[in-house]
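The values are calculated or read from the model by the stated rules, or taken from the named source; none is laboratory data. Bear in mind the structure is a predicted one, so any value in this text is a computation, not a measurement. Here the Cβ positions follow ideal geometry from the backbone for every residue, glycine too, while neighbour counts run over all protein chains shown. SASA here: full protein model, heavy atoms, side chains in, ligands and nucleic acids out. Shrake-Rupley method; radii C 1.70, N 1.55, O 1.52, S 1.80 Å.
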Amino acid sequence: MATTQSQEAWSDFWALNSGGAGNGAAGGRVGDSNGGGCLPQRWAAIENAQQAAWFEFCQDLPEGAALLDLATGDGRVLRWMLSKRSDLKLLGIDLAPKLPMPPMGTETRGGIAMESLPFDDDRFGAVTSQFGFEYGDTKRVADEIARVLSPGGKVGLMVHRGDGPILEHNLRRRGELLWALKEKGAARKVKTALKNGPAGIDLAANLAGKIASQGAAKFGETSPAWEIPEAIRRSCLMGRQAGVGSIIETIGIIEGHAKNELGRIQSLAGACKTADARDKVTRAFAAHGLELQGTQAICEPSGRELADFITFG
């Protein structure tokens, strides 16, 4: 996750998904700015379980403790903690250069890799991460956490599970994205039709509309298999006055968002694999005298486990 491409992809994610459900995973809408986060909005109730874990974690921190949140995204973990512990000094960092506005009373900084933290030794009384730690080089990140953590400090990590609904949901989206982009070639075929100039706009819109209908029938109207061609169809119709060049530019943006999501889903799959290698993570912290204190399953309302909350100290 330390490449410029990854930084841009996550900036794109937060631009589209500010305020959406989930943190540090893929699954936002590609056709507009109403982001869906890593899980569908109907699953938003899972945040109650996430909050409860963080509330319990922060309640025993010393008065006025400094806390660093890794891969902070929109700072929701900081916001939750602030609601319970207004005395804490809360700072979040993220690889993405551009982040949403941080919650009032907290600070976030973009463009910072977890593997190379620009902070002095022993600075923080606690280090946290929600769906972020496992995206990095876990040994190097553990080394950095141990370096900046003050003696007696606590570490709290909420990490993905490879058998959970987050990866399942995103792999399903991956198949739908590839259906629209690759199998049906929605963007490519429409741009080809637009080469006929203004006369090709209706042809392009109709072509996109047919693919959107097929996508809705096959995957549903909340799927990217419908969203992508439907967004392209609307771009054709709404871009008549601006001209073919403007329509093609807009289609390129839509296509770019979709490709970024595919990249983030690939990253998510890798992160799940990393998090599931729990012994390796535990050894990385143990090398610095930070022992595993506990593992708590985070569940969605059905009871299915979607994440693990692990603590070290």
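Are there trypsin sites (Lys or Arg not before Pro) in segment 209-313 that DSSP marks as loop and that have at most 14 other Cβ atoms within 10 Å, and which are they?
Sparse-neighbourhood loop trypsin sites (Lys or Arg not before Pro): Arg240, Arg304.
For the modelled label position 7 Å from the Cα of Asn48 along Cα-to-Cβ, which residues of segment 292-309 have backbone nitrogen atoms closer than 18 Å?
Under 18 Å, as judged by backbone N against the label point of Asn48, lie 297-307 of segment 292-309.
Can you pull the percent of segment 71-140's accessible area that's carbon plus sulfur, 1.4 Å probe, other chains left in place?
48
For segment 50-119, which GluC sites (Glu not before Pro) are both in a DSSP coil and crowded by at most 12 other Cβ atoms within 10 Å?
Within segment 50-119, the qualifying GluC sites (Glu not before Pro) (loop, at most 12 other Cβ atoms within 10 Å) are Glu63.
If the reach is capped at under 14 angstrom between alpha carbons, list the aspartates and glutamates near Lys184, excluding any in the same chain fewer than eight residues apart.
Output for Lys184: Glu176, Glu227, Glu230, Glu255.
Mind giving me the nanometre distance, one decimal, between the label points for Arg109 and His288, set 7 Å out from Cα along Cα→Cβ?
1.7
Roughly how many Å² of Cys299 are accessible to a 1.4 Å probe, to the nearest 10?
Looks like 50 Å² after rounding.
Need one number: % antiparallel among DSSP beta bridges in the chain, to the nearest 5.
DSSP beta bridges in the chain are roughly 40 percent antiparallel.
Could you name the lysines in cross-link range of Lys98, using Cα to Cα under 20 Å and dropping any fewer than eight places away on the same chain?
Filter leaves Lys259.
Among Met101, Leu203, Trp226, whose Cα sits farthest toward the positive end of the charge dipole of the chain (+1 at Cβ of Lys/Arg, -1 at Cβ of Asp/Glu, about the Cα centre)?
Selected residue: Leu203.
Per residue, how large is the accessible surface of segment 128-215? Use a 1.4 angstrom probe and give square angstrom.
39
Under a 1.4 Å probe, what is the accessible area of segment 259-313 per residue, stated in Å²?
That works out to 48 Å² per residue.
Between Asp120 and Glu249, what is 0.36 nm times their sequence separation minus the Cα-Cα distance? Round to one decimal in nm.
Extra length from Asp120 to Glu249 when fully extended: 41.9 nm.
Over the heavy atoms of Asp163, what accessible area does a 1.4 Å probe trace out, to the nearest 10 Å²?
For Asp163, solvent-accessible area is about 90 Å².
Using DSSP to call loops (not H, G, I, E or B), can you name the trypsin sites (Lys or Arg not before Pro) in segment 58-158 whose Cβ has at most 16 other Cβ atoms within 10 angstrom?
Lys98, Arg123
If I model a spin label at Lys280 and Lys139 as a point 7 Å from the Cα along the Cα→Cβ vector, what separation in nanometres do I get?
0.9
Any chance you could run the full-extension gain for Lys210 through Lys273? It's 0.36 nm times the residue separation minus the Cα-Cα distance, nm to one decimal.
My answer for the length gained is 18.9 nm.
Calculated from DSSP H runs of 4 or more alone, at -39500 (n - 2.57) each and per residue, what is the 222 nm mean residue ellipticity of the chain, nearest 500?
-15000 deg cm²/dmol
Under 30 Å between alpha carbons, and skipping anything fewer than 8 positions from Lys280 in its own chain: which lysines qualify?
Hits, sequence-local ones excluded: Lys139, Lys154.
Hey, got the Cα dimensions of the chain along the principal axes, in Å, largest first?
Result, largest extent first: 70, 35, 32 Å.
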